[in-house]
Amino acid sequence: MDQKPKISVFGSLNMDLVVKSLRLPKNGETIRGDSFNTTPGGKGANQAVAASKMGANPEMIGRVGDDLFGKQLISYLISQNVGTDSINIDPDSHSGIAIINIDSISGENRIIGVSGANMKCGEFELEIAKNLISQSDCLMIQLEIPKQISLAASQFAITHGIRSILDPVFTIELDNMDYKKIDIITPNQTEAEFYTSIKIVDTSSAEKASKKFLEWGVNLVVIKMGKDGAFFASPQENGLVKGFKTSVLDTTGAGDAFNAAFAIEISRGSSVPEAIKFGNAAGAIAVSKEGAQEAMPSSKEIIQLLSKN
Ligand code: RIB
């Protein structure tokens with residue numbers, strides 16, 4: 001294979017409006033924040049930028065509004081060498097945004113996303129995606145665009161022998177038919193609990209939850225467990241791949257960094273535990289920096305961290 005895997009990312013682009021404060025407000029409370037900035041985000045675009053910085057050739061398929069944020073989101077992707085020819089401009093919607101509140105002590109975040117143009121992705125984008133997917137090594141999807149469109153793309157990839165990685169969003173329900181269109185699913189602990197009703201606290205609960213996904217028809221489950229690493233399960237094998245110790249500044253986009261590194265290594269033919277090791281390293285570096293796309297690590301940074309450990 002070409003040294004640079006070709007990755008199609010079919011998903012969301014958001015402008016992130018980020019407020020940091022010493023703590024997060026309680027219900028009905030007004031508190032003073034310490035900083036505010038706007039920075040490009042959206043799980044799809046984050047994964048595309050990460051894939052580019054980590055040595056892949058990503059192509060982004062999605063929709064933005066005909067507004068300033070839309071222009072800024074596309075131009076940032078171009079500056080990061082992400083293919084943007086398949087991003088459409090919707091004249092009737094605003095670009096997606098996400099209000100992100102960050103606790104500056106713990107680095108944890110709370111996010112409210114308003115989908116805008118992202119949710120207008122439809123058959124038009126799906127046809128474009130199919131064409132790109134058939135020339136790709138891997139597809140990445142995230143459910144921040146309509147579920148049926150994302151899963152139709154995934155089904156197309158599976159039928160054509162191309163790996164498809166779903167990073168789910170826990171407020172979007174999945175039914176029996178949906179699971180049959182999923183190849184690899186990479187929920188975090190909260191998302192895995194939402195889908196399986198099993199609280200993920202350790203390897204044993206992660207294994208139980210993974211079994212459910214496998215029974216429902218998913219081929220490979222990877223549960224992201226933050227600093228503890230990630231648990232994986234396929235019908236043949238399972239196990240925990242330990243994470244890396246790091247200082248946490250901002251957890252936004254850490255899961256996206258994980259997914260991009262994992263996708264690249266899987267595309268290169270690495271084993272699942274090996275690909276997760278790269279994912280864990282990418283996630284650890286991302287949480288030590290501020291922002292989403294701007295915090296995505298390069299392949300050099302990942303290799304440095306791996307060689308130190
Ligand atoms: O995964 C982080 C992303 O989730 C943010 O960039 C935000 O836009 C939301 O989509």
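General remarks:
- Scanning the stretch 159-177 for residues that are of a type in the set (Val, Ile, Thr), touching a residue at least 24 places away in the same chain (Cβ under 8 Å) and under 10 Å from PHE194 (Cα atoms) yields VAL169, ILE172.
- Meets criteria (in contact with an Asp or Glu (Cβ under 9 Å, 6 or more places away or on another chain) and either closer than 30 Å to SER35 by Cβ or modelled with pLDDT under 95 (or both)) for ASN118: yes
- Residues of the stretch 55-67 that are of a type outside the set (Asp, Glu) and open to solvent by 10 Å² or more (accessible area, probe 1.4 Å): GLY55, ASN57, ARG63.
- Cβ separations smaller than 8 Å between residues 6+ apart or across chains give the following pairs from the stretch 204-228 residues that are on the phi > 0 side of the Ramachandran plot to residues that are open to solvent by 20 Å² or more (accessible area, probe 1.4 Å) and not in a helix (DSSP H, G or I): GLY217/LYS180; GLY226/ASN188; GLY226/GLY243.
- Pairing each residue of the stretch 93-112 that is of a type in the set (Lys, Arg) with any residue that is within 14 Å of the ligand (Cβ to nearest atom) and open to solvent by 30 Å² or more (accessible area, probe 1.4 Å), provided the two are 6+ apart or on different chains, yields C-beta distances under 7 Å for ARG110/ASN101.
- Subset of the stretch 273-299 that is out of contact with any helix residue (DSSP H, G or I) (no Cβ under 6 Å at 6 or more places or on another chain) and outside any helix (DSSP H, G or I) - its residue that is farthest from SER75 (Cα to Cα): SER288
- Filtering the stretch 6-46 to residues that are open to solvent by less than 30 Å² (accessible area, probe 1.4 Å) and basic (Lys, Arg) leaves only LYS20.
- The number of residues in the stretch 208-224 that are open to solvent by 10 Å² or more (accessible area, probe 1.4 Å) and in contact with a Leu (Cβ under 9 Å, 6 or more places away or on another chain) comes to 2.
- For SER270: the one exception among (1) under 20 Å from ALA51 (Cβ atoms); (2) open to solvent by 30 Å² or more (accessible area, probe 1.4 Å); (3) without any contact (Cβ under 8 Å) to a residue 24 or more places away in the chain; (4) part of a helix (DSSP H, G or I): (4)
- Of all residues in the stretch 62-86, exactly one satisfies the criterion of being away from the ligand (no atom under 13 Å from the Cβ), within 18 Å of the chain's Cα centre (by Cα) and closer than 15 Å to LYS120 by Cβ, namely ARG63.
- The stretch 243-274, residues that are more than 16 Å from the ligand (Cβ to nearest atom) and touching a strand residue (DSSP E or B) at 6+ places or on another chain (Cβ under 9 Å): GLY243, ILE264, ILE266, SER267, VAL272, PRO273, GLU274
- Some residue of the stretch 258-267 being open to solvent by 20 Å² or more (accessible area, probe 1.4 Å) and among the hydroxyl-bearing types (Ser, Thr, Tyr): no
The values are calculated or read from the model by the stated rules, or taken from the named source; none is laboratory data. Owing to the predicted nature of the structure, the values given are computational and were not obtained by experimental measurement. Glycine also receives a Cβ, built like all others from the backbone with ideal geometry; neighbour counts cover every protein chain displayed. Just so you know, the surface numbers come from the protein's heavy atoms only, side chains and all, with ligands and any DNA or RNA stripped out. Shrake-Rupley method; radii C 1.70, N 1.55, O 1.52, S 1.80 Å.
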